[in-house]
1. Tell me the residue from Thr573, Thr549, Thr540 that is more than 23 Å from Val417 (Cβ to Cβ) and touching a helix residue (DSSP H, G or I) at 6+ places or on another chain (Cβ under 8 Å), please.
2. Counting only residues that are surrounded by fewer than 24 Cβ atoms within 10 Å (Cβ to Cβ) and at pLDDT below 95, how many does the stretch 80-99 have?
3. Looking at Glu370, Glu331, Glu392, can you tell me which residue is under 26 Å from the mean Cα position of the chain (by Cα), at pLDDT 95 or above, farther than 26 Å from Tyr13 by Cα and more than 12 Å from ligand 2 (Cβ to nearest atom)?
4. Taking the conditions exactly as written (more than 26 Å from Pro108 (Cα to Cα) and among the hydrophobic types (A, V, I, L, M, F, W, C)), does Ala151 satisfy them or not?
5. Mind listing whichever residues of the stretch 259-284 are more than 21 Å from Ile300 (Cα to Cα) and either among the hydrophobic types (A, V, I, L, M, F, W, C) or touching a Cys at 6+ places or on another chain (Cβ under 6 Å) (or both)?
6. Counting only residues that are more than 11 Å from ligand 2 (Cβ to nearest atom) and in a helix (DSSP H, G or I), how many does the stretch 342-362 have?
7. Quick check, is Gly309 within 21 Å of the chain's Cα centre (by Cα), away from ligand 2 (no atom under 13 Å from the Cβ) and not hydrophobic (A, V, I, L, M, F, W, C)?
8. Taking the stretch 116-141 only, how many residues are modelled with pLDDT under 70 and assigned to a helix (DSSP H, G or I)?
Amino acid sequence: MPIGPVVAPNRFYQVPHASGMTEANPRVRAAFRETKAEGGWGVVSTGAVSIHPSSDDSPLPFARLWNDADIASHAMTTEAIHRHGSLAAVELWHGGAVVMNRTSRLPPLSPSGIPWAATHIGFMGQQRPKIMQASDIDDVLRWQRLATRRALDAGFDILYVYAGMGYLGYEFLLPEYNQRNDGYGGSLENRTRFVREMLEVTRDEAGSRAAVALRISLEELRGKSSEHYPSEAHGVVSLLSDVPDLWDVKMDSSPTDCGASRFRPEGAHEPIIDFVKTVTTKPVVGVGRFTSPDTMVSQIRRGVLDLIGGARASIADPFLPNKIRTGRSDEIRECIGCNICIASWHDGVPVRCTQNATAGEEWRRGWHPERFAQTPSTRSLLVIGGGPAGLEVALVAARQGFDVTVAEQRDDWGGRVLLESALPGLATWRRVRDYRVWALSQMGNVAMFTNSQLDAEAALGFGANHIALATGARWTKRRYSPLEIPVESMDQPGVFTPDDVFANRVEGERLLVFDFDNYYLGGVIAEALSQQGKSVTYATPAGHASAWTFMTNELPYVYRALATADIAIHTSTYLTDFSGARAQLKNLFNQVPMEIEVDGIVIVGHREPNHLLYDTLNSARAGVDGPTVDLVGDALAPGAIVHAVHSGHSYARGLVEGDNGYLRDEAIVSSAPQPAFPVAHRVSLTD
Ligand code: ADP
Ligand code: SF4
């Protein structure tokens, strides 16, 4: 597929997405992107690459091409991508007023000095942007040219101009941010001028060496009426129609662009971007958390897109294109839309994925998503517990050649995923179970038993070389004091946990959900109880309902869902007592008491690992030669599903590879013979 002067080998396009990997860990980054090229993505892009210190997103882990010393680390990535015949794209980026320049301490730039997103101020810091003078515009164009030159030297084939997600180009397009009265403000044509000049300067520098792509957010523009076009989005695309070689079209904010499956279905972008191909002859790429080959083909056939964009799809399964090409669609490890990957960026660490434990570990631990070291001798493994951790242990061990038996006490597989995926919005999460159960069912060296609760005697009698205990964790009724000191468990009648919700044991019509787990489950359970016709109140000591969902882009939608269900929310509130008819609460800060009339309380708080079987097994086999016995997943340390899968994967790899490299980081390797790479260098603030 031609894109300007370059040709993509196929239509699978890994669009730019954050990896949390910076110049400080170039090998981690190169291996992460290389795996996708190997898996068949015809184009593999970087995440945002800052063109200048005035676009400094620290402490978030962004990449940069600020001076020539930054070229080498990117060259490592492009070489890795080219090894597999794919094209390498670089998302050159200026963050405008969105960035706070905490490290460079330069004033952020913006068309008219208007700060980005009032709700983000606490998160972003107190620095407000300056109004760009004409000379500032000239500077940014010059920085784009210099970054283009460096990107070409690094070997990139597609160079981006970014006009989306609140960043500088986007701010010029929107009249709310652009109130200039020079040639860059006012009419739609004037507002597109900056983006046009950025494209022209990139093209001028690149010549025929690379394609020029425009990444643009169209959600807000599509909602704006226009005198001459069906909307301002139509206007901007028409005015710039043939200027870029490729249109990469998207939504405007992280929660809408990278929406969680709990609230946004596959293909949710289409109503905004569906017109683009009607007003340009250039190829168009877009995303929509596509995981189904049918949806992908439909996007092309119906003329919505020319190239299938994937970010999360490519993280969950870097080999998705090759699996489709070779007729192995059943083997695709589909993204579940949980957005743990985006939370990694917000956490400032390399990408993590619930479905794909190898994401981000390709170099550090040498994990490949499709290749597994083989056990040198015949060995057997008994896995007790068929939740995410147990199923991952079983699958990885089976792929390593072990004889694997999995025993699950319930009548179906999936553990917590099976239970939670029945709750509102979480059906897609069942894929964690489905992918693994299907893959295991295809293997000749695996025996799987449900309705099989094992005790220590049965487990030892099995005679396996290794026993993995993936027995999960249980929710408790423990509370914490306002000083975060664990206090008593509320064991009186009428107090329940999520385990009671799953087992349909919750009684009463008026219920309080008291949540200090602070991730999704408290909010989801409140919704579920409300759907059952209960009158539900939600309280949490945190500052927001489901506070951690801020990290996964779900928070705005959580509030919408709770409001739609008419669920009252009390934040900064802790629970002190329950009489059976009244819950006593207090404000966390001023201790003002509050009383709510309820029949019952569901505490979504603390979890304890189920390690009784582990303890019994260890004492039963003391002093005798026997199997290795290990805890994995929630039974080892309760966490999110991503932690359980990673724990299971790590355990199984360790059976063959031993302790395979927690310490393999860039600093240690840089003292060994390696290609020259500048680990630290002086950064010029000018150019
Ligand atoms: P994780 O997230 O670590 O996989 P889960 O709670 O999702 O943990 O899964 C643990 C699974 O282990 C559950 O499906 C549970 O029914 C099962 N289990 C717990 N104890 C036993 C046991 N003694 N024998 C068989 N299965 C067990
Ligand atoms: Fe998909 Fe979740 Fe993996 Fe992100 S972390 S790619 S949303 S499965």
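1. On the way: Thr573 fails: touching a helix residue (DSSP H, G or I) at 6+ places or on another chain (Cβ under 8 Å); Thr549 fails: more than 23 Å from Val417 (Cβ to Cβ).
The conditions single out Thr540.
2. Residues that pass the stated criteria total 1.
3. Working: Glu370 fails: farther than 26 Å from Tyr13 by Cα; Glu331 fails: farther than 26 Å from Tyr13 by Cα.
It is Glu392.
4. Working: more than 26 Å from Pro108 (Cα to Cα): no; among the hydrophobic types (A, V, I, L, M, F, W, C): yes.
No.
5. Across the stretch 259-284, the qualifying residues are Ala260, Phe263.
6. 2
7. On the way: within 21 Å of the chain's Cα centre (by Cα): yes; away from ligand 2 (no atom under 13 Å from the Cβ): yes; not hydrophobic (A, V, I, L, M, F, W, C): yes.
Answer is yes for this residue.
8. 7
The values are calculated or read from the model by the stated rules, or taken from the named source; none is laboratory data. Note that the coordinates shown come from a computational prediction; the quantities given were computed from them, not determined experimentally. FYI the Cβ positions are ideal-geometry reconstructions off the backbone, even for glycines, and counts take in every protein chain you see.
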